[in-house]
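K.L.:
Sharing a structure below in structure tokens format, with a few things to ask.
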Amino acid sequence: MLYKHLTLSKAEDEVQRLSTNWQTLLDAMPEMVFLLRDDGAVQYMNRSARTCFGEPCPQSVHESLKETQKNYQKKLHTASKSNGEGTFVEDLIASTPVEYSAAPFVGYTGEELIMLVMRDITQRKNFERELLQFNTSIETILEQKINELQASEEMRFRLSRQVNSLKNQLGHYHKADKMVGRSRKMRELREMIHQVSSSDATILITGESGTGKELVANLVKATSTRDGKPFLKINCNAINDSLLEADLFGYEKGAFTGAQNRKIGKFEVVDGGTIFLDEIGDISPRMQVALLRVLQNGEIIRVGGTEPVRVNVRVIAATNVDLAQAVKEKKFRLDLYYRLNIINIDIPPLRERKEDIVELVSHFVNHYRQAFKKEIDFVPKSTINRLLAHDWPGNVRELENLIQRAVLMAKGKMIIETDLIFDQDPSTPSQRADSFDVDEKLGAHALKSIVADFEAAIIQRALHKYHGNVSTAANQLKIGKTALYDKIKQHGISAKSIKQSKRSN
């Protein structure tokens, strides 16, 4: 009896030892360990479980564990035992995210329990949430960047269109562009030049005297495909008709007295390049026929010759004559007019672009103060207003002449109204040589200026007397036609305006 009692006592001690060792082992584990009964009650919690959820175990944890135990039992009924063991499942115990594995466990008293080996995955869940947020942020950032790139591309496209629009508004500028002015009419003029210059089509430049037809011709040539080729300028009104024909087309030996050798003309010299024929409206009927042959067939015939000579020349013509009216008056050939007027560049008069006057004044003041070594650095508003009020019948050339005189006559560092000496409008010949008041000018102007004004008055009177005919006026004044044209240009006189005024009278 005593032996049995000792044996039972030893067995209990052994069980207690094993139980203590088992609990010590479980307490040493970093994972949380729960032993649950069939009803979900907690039979045992190791140290990690108590540290995480507290002791005694809160009711919310009990409820969650009870639900976990039910889910495990359902799995045992629907799956094999091996499939229900060792699989980690994520769940939420109370508010703590966990990962656990469940397995059946037999207690030392023989009852059936469920062991849950559980890990707190709060930190991992936080990492996953942060990573999700980061990925979402990356996607958002990428989407934003893509949107920004698309917006940037749209902006680039809009800016490109705006740049093109501004180019059209501001006009095209070239190093050979010596025209001054940024008004709308000047922008349109530059746009027109750049549009047509690349072709080889004949160009007719029209406009009043002094508007700058030669500057336009220079820019057309400079922006054309023939820029590096020869370029000659001929003033058709400054050369006698017979000499002009020989000069343009050349002549054969013996064609006229003094023609001892063959001479090639300007069209052959400039072959492959460009020729500028200024004052084309004043050429003779014979010259019109010869020029028509060049434009139609690309051929010339030397004076005294019979064989045509092929030439490849682009023709730029200019005139201040109304060629359409000249055709009606039978003074200009209709077929030549059509050949010349393939592309017409009409230069606006200064009175139609007065917004350019300030820029022109600045340009001419800078030029002539250096030429005359004057220290002009200011043009007051009253002087500008006086310039804006003028109609400028002589256009830019008249303004240049006025500023040239004003810079020369200015006594200080600014140009005042009294320095402005306007040219007499040739269409109103009130300024006559026989009524030229020298006394009024003495003391107020330099001798050079007085002589220049007197010369201008004489030329104006002669042109009015001979109805604007430059050749007749030159003969009567005993001066060469070319020299008279130079003086007319220098004084800003318009023979065309005088002709028109005589016709209207």
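K.L.:
Using +1 on the beta carbon of Lys and Arg, -1 on that of Asp and Glu, and nothing else charged, what's the dipole of the chain about the Cα centre, debye to 20?
P.N.:
3260 debye
K.L.:
Output the pairs from Lys331/Lys465; Lys185/Lys381; Lys175/Lys374; Lys266/Lys496; Lys178/Lys213; Lys465/Lys487 with a Cα-Cα distance over 19 Å in this structure; if there are none, say none.
P.N.:
Working: Lys331/Lys465 22 Å; Lys185/Lys381 24 Å; Lys175/Lys374 27 Å; Lys266/Lys496 28 Å; Lys178/Lys213 11 Å; Lys465/Lys487 17 Å.
With Cα atoms farther than 19 Å apart: Lys331/Lys465; Lys185/Lys381; Lys175/Lys374; Lys266/Lys496.
K.L.:
Compute the Cα gyration tensor for the range 173-241, then decide on rounded, prolate or oblate, letting a ≥ b ≥ c be the square roots of its eigenvalues: rounded whenever a/c is under 1.5, prolate when a/b is larger than b/c in the other cases, and oblate in all that remain. Walk me through the intermediate numbers first.
P.N.:
On the way: a/c = 1.89, a/b = 1.23, b/c = 1.55.
Oblate, because a/c is 1.5 or more while a/b does not exceed b/c.
K.L.:
Along its three principal axes, how long is the range 213-340 when you only count alpha carbons? Whole Å, largest extent first please.
P.N.:
Result for the range 213-340: principal-axis Cα extents of 39, 38, 26 Å.
K.L.:
Rule-of-thumb check for the chain: C-alpha Rg over 2.2 N^0.38 Å?
P.N.:
In units of the globular-protein estimate, the chain measures up at 2.24.
K.L.:
What aspartates and glutamates does Lys145 reach when the alpha-carbon gap must be under 13 Å and sequence neighbours fewer than 8 apart in one chain are set aside?
P.N.:
Glu153
K.L.:
By its C-alpha gyration tensor, with a ≥ b ≥ c as the square roots of the eigenvalues, how is the range 110-246 shaped: rounded for a/c under 1.5, else prolate for a/b larger than b/c, else oblate? Provide the component values of the computation, followed by the final result.
P.N.:
Working: a/c = 8.66, a/b = 5.59, b/c = 1.55.
The shape class here is prolate.
K.L.:
Another question, if that's okay. State, to one decimal in nm, how far the label point of Glu191 lies from the label point of Leu477, with both points 7 Å from Cα in the Cβ direction.
P.N.:
The answer from the label model is 4.1 nm.
K.L.:
Roughly speaking, what is the centre-to-centre gap between the range 452-496 and the range 207-259 when only Cα atoms are used, to the nearest Å?
P.N.:
22 Å
K.L.:
For the range 20-28, in order, what is each residue's ³J(HN,Hα) by Karplus, 6.51 cos²θ - 1.76 cosθ + 1.60 with θ = phi - 60°, in whole Hz (x at glycine and Pro)?
P.N.:
Along the range 20-28, the couplings run 5, 4, 5, 5, 4, 5, 5, 5, 7 Hz.
K.L.:
Also: Counting only DSSP beta bridges with both residues in the chain, what percent are antiparallel, rounded to the nearest 5?
P.N.:
Working: 26 of 46 bridges.
Looking only at bridges with both residues in the chain, the antiparallel portion is about 55 percent.
Coordinate-derived values only; no laboratory data. Given the structure is predicted, the values throughout are model-derived calculations rather than measurements. All Cβ positions, glycine included, derive from the backbone under ideal geometry; neighbour counts span all protein chains shown.
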